[in-house]
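Some notes on the structure that comes next.
The values are calculated or read from the model by the stated rules, or taken from the named source; none is laboratory data. Please read all numbers here as calculations on a predicted model, not as lab measurements. No Cβ is skipped: glycine too gets one built from the backbone with ideal geometry, and neighbour counts run over all protein chains shown. Please note that ligands, DNA and RNA were not included when accessible areas were found on the heavy atoms of the full protein model with its side chains. Shrake-Rupley method; radii C 1.70, N 1.55, O 1.52, S 1.80 Å.
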Amino acid sequence: MKNLKTIGNGILFFFSFLWQLPQSVLGLFFLLYFWAMGDIKFLSYKKLCFAFSSKYMAGGISLGNFAFVSTYNGTRKTIVMHEQEGHTFDSKVFGPLYLFVIGIPSIMWAWFGDDNKCYYDFYTEKWANEHAGLEAYHTSSGRCYLIAKKK
């Protein structure tokens, strides 16, 4: 029975990989690059997504069945959840359109977004948080960070 479940997960992973092909291929390149640089750490496997951390990664990015975060963010459960359970959900929904609907706008927001606004208030980040069961907590000083939603 366990072998059947393993085979089923392998088939699901394969078709998920194909549906998300553009970002999956980029994810494989990231994985190989970090491996070649000699710095990649496996964090977890959830919902058909492998999560890794690397000192060569700044922030985080989700590409198909792969999520990558910085070494520091690898110690922050909410950041890993945001990438692994949030953005990868969107990737599975949008498939080949993910990079245009989520990926590129998210990167542009990270690079050029309004410093006076909470990073997690942008639509791509809100969606990822919703899928991962997270929310942005806003402090009185204007800072924000991720917390798990209260059940």
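Between Glu130 and Lys77, residue separation times 0.36 nm minus the direct Cα-Cα distance comes to 17.6 nm.
The length gained by stretching the chain between Lys41 and Tyr137 to full extension, at 0.36 nm per residue less their Cα-Cα distance, is 31.7 nm. Axis angle, to the nearest 10 degrees, between helix 21-36 and the longest C-alpha principal axis of the chain: 90 degrees.
Using a 10 Å cut-off on Cβ atoms, rank the peptides 26-37, 62-73, 42-53 from the highest mean neighbour count down.
Working: 26-37: 15.1, 62-73: 23.0, 42-53: 17.8.
Sorting 26-37, 62-73, 42-53 by mean packing, highest first, produces 62-73, 42-53, 26-37.
Pull out a ≥ b ≥ c, the square roots of the eigenvalues of the alpha-carbon gyration tensor of the chain, then state rounded if a/c is under 1.5, prolate if not and a/b is larger than b/c, and oblate in the remaining case. Prolate, since a/c reaches 1.5 and a/b exceeds b/c. Heavy-atom accessible surface of the chain, averaged per residue, reaches 62 Å², computed with a 1.4 Å probe. Taking all Cα pairs closer than 8 Å and separated by 6 or more residues, the relative contact order of region 8-151 comes to 18 percent.
By the gyration tensor of its Cα atoms, with a ≥ b ≥ c the square roots of the eigenvalues, what is the shape of region 72-115: rounded for a/c under 1.5, prolate for a/b over b/c, or oblate? Don't skip to the end; give the middle numbers.
On the way: a/c = 3.15, a/b = 1.14, b/c = 2.77.
Oblate is the answer for region 72-115, as a/c is 1.5 or above yet b/c matches or exceeds a/b.
Can you send over the carbon and sulfur percentage of the accessible area for the chain, probe radius 1.4 Å, protein chains only?
Working: 6180 of 9290 Å².
The C+S portion of the solvent-accessible surface of the chain is 67 percent.
Looking at the chain, the DSSP beta bridges with both ends there are about 75 percent antiparallel. Each label point was placed 7 Å from the Cα along the Cα-to-Cβ direction; for Asn116 and Tyr145 their separation is 2.5 nm.
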